[in-house]
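Working notes for the structure below.
The values are calculated or read from the model by the stated rules, or taken from the named source; none is laboratory data. These figures come from a predicted structure and were not determined experimentally. Neighbour counts run over all protein chains shown; Cβ positions are idealised from the backbone, glycine included.
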Amino acid sequence: MVSELSLNLPENIGQTLVLFENKVSFPFKGNLISLDIPLSNNFIFRAFYFLVALARFKKIVKREKPDYIMGFGVPANIINILSNKKSILRVDTFLSSSNGNLYKILARNLFHRAPQVICVSKRAAKDLVENFNIEEGKIKVIYNPLDINKIRALAKGPLTTDQEKIFGKPVIISTGRLVEGKNFVLLIKVFKKVKEKIKDAQLVILGEGEMMPELEKVISDLNLKGEVHLLGWQENPFKFLSKAKLFVLASLQEGLPYCLLEAMACGIPVISTDCKSGPREILAPQTDVEMEAQDIEYAEFGILTPVSNEGVLGNAIISVLTDATLERNLAEKSRERAEDFDVKKIIKKWDFLGY
């Protein structure tokens, strides 16, 4: 998101990107400053580094004198609020469902100070009003943008010989950080049941994270070695997405799942749990954002299923992989819906920055 915003804002807007660590995986425009703060899971170290980051960021703000200061992510948002009065917060999660009680307490007591809050979904925005003391008038909902032309060009990229062997079979694909909230353990268990109906099906997961060892153990315990492929972080995920039969998002919570939009831009059918928030707004935009799927819901642009329901998710996957007409219709609907999130349309929503 930072990359797309950086590359597509008008040339007359100067940009400085401030990162906790000097680790860059995506292209960007503007100057880069690193706070040189290592990320740590240890509470004491995390608290210490937070204070160091806050002090360093205040110095940067004083030196740079920006017109707008935007935070991405809860820690950055808190630092933003505490360091200046020009803070624009960007909330990219359904905050009530996110992990980290301390962050939620800080958000509840600090976020209302910000003059403006950008939220990635209507349901997440409603959560901020109802549970985090933020005035509705301060919130602007701006969906995540896609550079569809770039994605579709990258989607034509070649696979290696070994990868081609995998994708020569029906592939279910999912992407994301390997963390609990993405619910990959459940997806692997569901895939085991799918294999009973579709013998040659393969599951591909792209991403890195703390749960890699646990996922490898689940795969081994279920005798799925050679059937489930953990391919790690990929610089070009689109060449994999475009060659899969189906994208599945099994998440417990989201904000507005970017991976779902990327899969749709690649023109493949999508199934998502109806978690808070985002999937419903993407796949069933005409429905009430507070609705929750109780069974397989064949929505306008994809399929929604209840959160953490192995049976329903498995049946939904099988229904797509065994019905060629349904698969073609969903693929077309994915391409159609992705156009609504094209960066050329979404970037106009940022015009409050003064261009």
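Key figures for this structure:
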quantity: Search result, residues across the stretch 321-355 that are aromatic (Phe, Trp, Tyr) and buried (at least 17 other Cβ atoms within 10 Å of the Cβ); calculated: 341, 350
quantity: Of all residues making up the stretch 303-320, the number that are touching a helix residue (DSSP H, G or I) at 6+ places or on another chain (Cβ under 9 Å), in a helix (DSSP H, G or I) and either of a type in the set (Val, Ile, Thr) or surrounded by 19 or more Cβ atoms within 10 Å (Cβ to Cβ) (or both); calculated: 5
quantity: Spans of helices (runs of 4 or more DSSP H) in the stretch 1-98 with at least 1 residues touching a Phe, Trp or Tyr at 6+ places or on another chain (Cβ under 8 Å) and under 30 Å from residue 151 (Cα atoms); calculated: 2-8, 74-83
quantity: Qualifying residue in the stretch 291-305 (condition: within 21 Å of the chain's Cα centre (by Cα) and touching a residue at least 60 places away in the same chain (Cβ under 8 Å)); calculated: no
quantity: The stretch 227-237: number of residues that are over 16 Å from residue 187 (Cβ atoms) and surrounded by fewer than 18 Cβ atoms within 10 Å (Cβ to Cβ); calculated: 5
quantity: Subset of the stretch 63-88 (residues that are over 19 Å from residue 31 (Cβ atoms) and surrounded by fewer than 19 Cβ atoms within 10 Å (Cβ to Cβ)); calculated: 73, 82, 85
quantity: Checklist (1) in contact (Cβ under 8 Å) with a residue 60 or more places away in the chain; (2) surrounded by fewer than 20 Cβ atoms within 10 Å (Cβ to Cβ); (3) farther than 23 Å from residue 58 by Cα applied to residue 129, failing item; calculated: (1)
quantity: Lone unmet requirement of (1) in a loop (DSSP other than H, G, I, E, B); (2) within 27 Å of residue 314 (Cβ to Cβ) for residue 143; calculated: (2)
quantity: Residue within the stretch 162-183 that is buried (at least 21 other Cβ atoms within 10 Å of the Cβ) and over 19 Å from residue 236 (Cα atoms) present; calculated: yes
quantity: Only listed residue being outside any loop (DSSP other than H, G, I, E, B) and surrounded by fewer than 21 Cβ atoms within 10 Å (Cβ to Cβ), chosen from 281, 290, 300; calculated: 281
quantity: Odd one out for residue 349, checked against (1) out of contact with any strand residue (DSSP E or B) (no Cβ under 8 Å at 6 or more places or on another chain); (2) outside the structural domain of residue 155 (by TED's automatic domain parsing); (3) under 21 Å from residue 123 (Cα atoms); calculated: (1)
quantity: Positions within the stretch 254-271 being within 9 Å of the chain's Cα centre (by Cα), of a type in the set (A, V, I, L, M, F, W, C) and in a helix (DSSP H, G or I), in sequence order; calculated: 259, 260, 261
quantity: Per-region count, the stretch 186-226, residues farther than 17 Å from residue 169 by Cβ, small (Gly, Ala, Ser) and crowded, with 17+ Cβ neighbours inside 10 Å; calculated: 1
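To keep it simple, each residue is scored yes or no on (1) over 23 Å from residue 110 (Cβ atoms); (2) of a type outside the set (A, V, I, L, M, F, W, C); (3) modelled with pLDDT under 90.
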position: 11; (1), (2), (3): yes, yes, yes
position: 26; (1), (2), (3): yes, no, yes
position: 39; (1), (2), (3): no, no, yes
position: 51; (1), (2), (3): no, no, no
position: 61; (1), (2), (3): no, no, no
position: 64; (1), (2), (3): no, yes, no
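Results for (1) within 23 Å of residue 336 (Cβ to Cβ); (2) more than 21 Å from the chain's Cα centre (by Cα); (3) of a type outside the set (D, E, K, R), shown as yes or no for each residue.
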site	(1), (2), (3)
223	no, yes, yes
252	no, no, yes
273	yes, no, yes
315	no, yes, yes
